[in-house]
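The values are calculated or read from the model by the stated rules, or taken from the named source; none is laboratory data. This is a predicted model, so every value here is computed, not measured. Note: ideal-geometry Cβ built from the backbone for every residue, glycine included; neighbour counts use all protein chains shown. Calculation scope for accessible area: heavy atoms of the full protein, side chains included, ligands and nucleic acids excluded. Shrake-Rupley method; radii C 1.70, N 1.55, O 1.52, S 1.80 Å.
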Amino acid sequence: MVLTSKKVVALAGGVGGAKLVYGLSKVLPFDQLAIVGNVADDFGLYGLHISPDLDTVMYTLAGVANPATGWGLAGDSWQMLDMLSRYGEDAWFRLGDRDLATHLLRSHWLAEGITLTEITARLMRGLGSPFRLLPVTDDPLSTIVDTVEHGALDFQEYFVRHRWLPTVKKVWFRGAEQARMTGAVAEALRTADLIIFCPSNPVLSIQPVLAVPGVREAIERRRGICIAVSPFVGGKAVKGPASKMMPELGLEITPRGLLQYYAGLLDGLVIDESDQQERPVEGAAVLLTKTLMQTDEDKIRLADVILEWSGSIRG
Ligand code: FO1
């Protein structure tokens with residue numbers, strides 16, 4: 001295990017990102033890891049403010065995530081959903097009974113005027129995780145997916161209700177122009193020794209973070225310390241819609257395509273051994289390793305290998 005004094009910032013959203021963040025949390029002291037979380041898949045349901053990507057990372061770090069789905073809480077029950085169904089509601093978004101407490105508290109505190117950043121810190125403390133999980137912005141930001149079949153869909157409508165079946169024409173982020181990067185995120189990026197783009201969906205999880213004014217520029221100013229971990233293994237995404245939607249958007253699901261997508265931001269790229277043929281030839285240092293994270297040991301090993309290798313890429 002590498003015990004390092006590096007300050008690491010991980011940009012993460014969704015289950016793949018949470019897995020690597022878990023590995024990093026096991027090899028870095030708590031004050032040397034900050035996670036910048038996507039909030040553009042946040043949405044309102046029955047008056048509740050739900051932050052799926054923040055919660056996925058939070059539950060994973062706290063060791064309480066549902067291992068089967070990656071989102072939600074392990075061992076949760078569904079009585080509230082059953083009751084909603086009895087009232088004739090279409091309970092398409094599965095909120096577990098215990099998970100509900102997170103959304104209730106978050107919504108209550110937001111209504112009191114407390115920022116999402118402070119709320120996330122309180123929830124993390126409550127779950128006993130000492131790490132800094134920083135929403136990229138405290139302002140409203142929403143992913144909108146323009147589809148051939150249904151027109152513009154709010155992200156969770158596309159992802160959960162329509163099970164990412166519709167053909168994607170365009171993805172954009174409502175509120176991005178007005179959203180302000182938080183001071184905590186600006187400070188974390190400014191003082192980082194290493195910035196890692198986690199193996200999250202580039203379009204749905206990382207792009208909304210980069211879309212917040214100032215974030216891309218803050219990362220560009222830190223060239224020499226920025227790496228991405230490819231979310232692709234064997235030419236397709238490990239989980240979720242990336243393999244389907246990226247080609248629909250004309251994007252290549254190869255390490256080379258990823259490098260083009262993150263053009264101007266990366267100094268290094270970590271790719272799976274199975275994608276060796278697709279190895280980009282220029283533009284970034286490349287680490288070939290096993291990136292598939294099935295067990296906790298896989299997550300910790302990958303975090304360890306990345307931290308060790310990252311010492312050699314500094315430009
Ligand atoms: N994903 C699903 O595919 N179906 C669900 O019913 C669902 C419920 C859910 C509840 C709370 C939560 O925090 C996440 C939930 N997710 C669900 C996951 C989530 O919507 C997506 O994985 C992310 O937004 C994409 O990163």
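Overview of values
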| quantity | calculated |
| --- | --- |
| Failed criterion for Gly72 (all others in (1) in contact (Cβ under 8 Å) with a residue 40 or more places away in the chain; (2) of a type in the set (Gly, Ala, Ser); (3) out of contact with any Pro (no Cβ under 8 Å at 6 or more places or on another chain) hold) | (1) |
| Some residue of segment 167-175 being in contact (Cβ under 8 Å) with a residue 40 or more places away in the chain, within 11 Å of the ligand (Cβ to nearest atom) and closer than 27 Å to Gly257 by Cβ | no |
| Unique match (being more than 14 Å from the ligand (Cβ to nearest atom), buried (at least 24 other Cβ atoms within 10 Å of the Cβ) and at pLDDT 95 or above) among Leu11, Leu24 | Leu24 |
| Residues satisfying the stated conditions in segment 75-93, i.e. under 25 Å from Leu20 (Cα atoms) and within 13 Å of the ligand (Cβ to nearest atom) | Asp76 |
| Enumerated helices (runs of 4 or more DSSP H) restricted to segment 210-315, each holding at least 2 residues that are in contact with a Gly (Cβ under 6 Å, 6 or more places away or on another chain) and of a type outside the set (Val, Ile, Thr) | 296-310 |
| Search result, residues across segment 262-302 that are aliphatic (A, V, I, L, M), surrounded by fewer than 18 Cβ atoms within 10 Å (Cβ to Cβ) and out of contact with any strand residue (DSSP E or B) (no Cβ under 9 Å at 6 or more places or on another chain) | Ala263, Val281 |
| Qualifying positions in segment 224-246 - under 17 Å from the mean Cα position of the chain (by Cα) and open to solvent by 10 Å² or more (accessible area, probe 1.4 Å) | Pro231, Ala237, Val238, Lys239, Gly240, Ser243 |
